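S.K.: Here it is: the structure, laid out below.
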Amino acid sequence: DLASDNYFQNPEAYYKDPIKASVDRKKLEQLFSKYRDQQENDKITVDGVMKFLDDLNLSPESILVLIIAWKCKAAVQCEFSKDEFTTGLVELGVDSIEKLKSKLPTLEQEIKDPNKFKDFYQFT
């Protein structure tokens, strides 16, 4: 019983996501380039983040903005380094705005897990 309870309470611990392997790195590079700062080529700054959110149809006040930053392990508010952005999207298994949009409801559900919420809360 204990083993089956653990399996159903933590399915991600037993399931390797094959989606990560299907992420097109070239598309990620293009996506990053679309939003990157023109002066600081290795990061997406406020203007790029606002365009990114606009393309996702997200308000800057949406909790999903924080969830995306958490998933990308963004060190600075309203900013993504190239590594944070690309690694975060690979972890999410997405390489386009459309794929990320379709993943948003799942991300919002994820923080309902007490352990993930704790990690999210500590991030914010």
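The values are calculated or read from the model by the stated rules, or taken from the named source; none is laboratory data. Predicted model, so just to flag it, every value in this text is computed and none were measured. We place every Cβ from the backbone using ideal geometry, glycine too, and count neighbours over all the protein chains shown.
S.K.: Could you grab me the full set of residues in region 30-54 that are under 18 Å from GLY93 (Cα atoms) and surrounded by 13 or more Cβ atoms within 10 Å (Cβ to Cβ)?
M.R.: LEU31, PHE32, PHE52
S.K.: Check GLU79, GLU110 and return the single one that is touching a Lys or Arg at 6+ places or on another chain (Cβ under 7 Å) and at pLDDT 95 or above.
M.R.: GLU79
S.K.: Quick one: which helices (runs of 4 or more DSSP H) lie wholly within region 1-63 and hold at least 2 residues that are at pLDDT 95 or above and out of contact with any Ser or Thr (no Cβ under 7 Å at 6 or more places or on another chain)?
M.R.: Fully inside region 1-63 and qualifying: 25-35, 46-55.
S.K.: A further question on this structure: As an exercise: evaluate ILE97 against (1) farther than 22 Å from ASP37 by Cα; (2) surrounded by 11 or more Cβ atoms within 10 Å (Cβ to Cβ) and give the number of the one condition it does not meet.
M.R.: Only one criterion is unmet by ILE97, namely (1).
Yes/no matrix, rows are residues, columns are (1) polar (S, T, N, Q); (2) surrounded by 15 or more Cβ atoms within 10 Å (Cβ to Cβ); (3) within 23 Å of VAL46 (Cβ to Cβ):
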site: ILE68; (1), (2), (3): no, yes, yes
site: ALA74; (1), (2), (3): no, yes, yes
site: GLU79; (1), (2), (3): no, yes, yes
site: VAL90; (1), (2), (3): no, yes, no
site: GLU108; (1), (2), (3): no, no, no
site: LYS118; (1), (2), (3): no, no, no
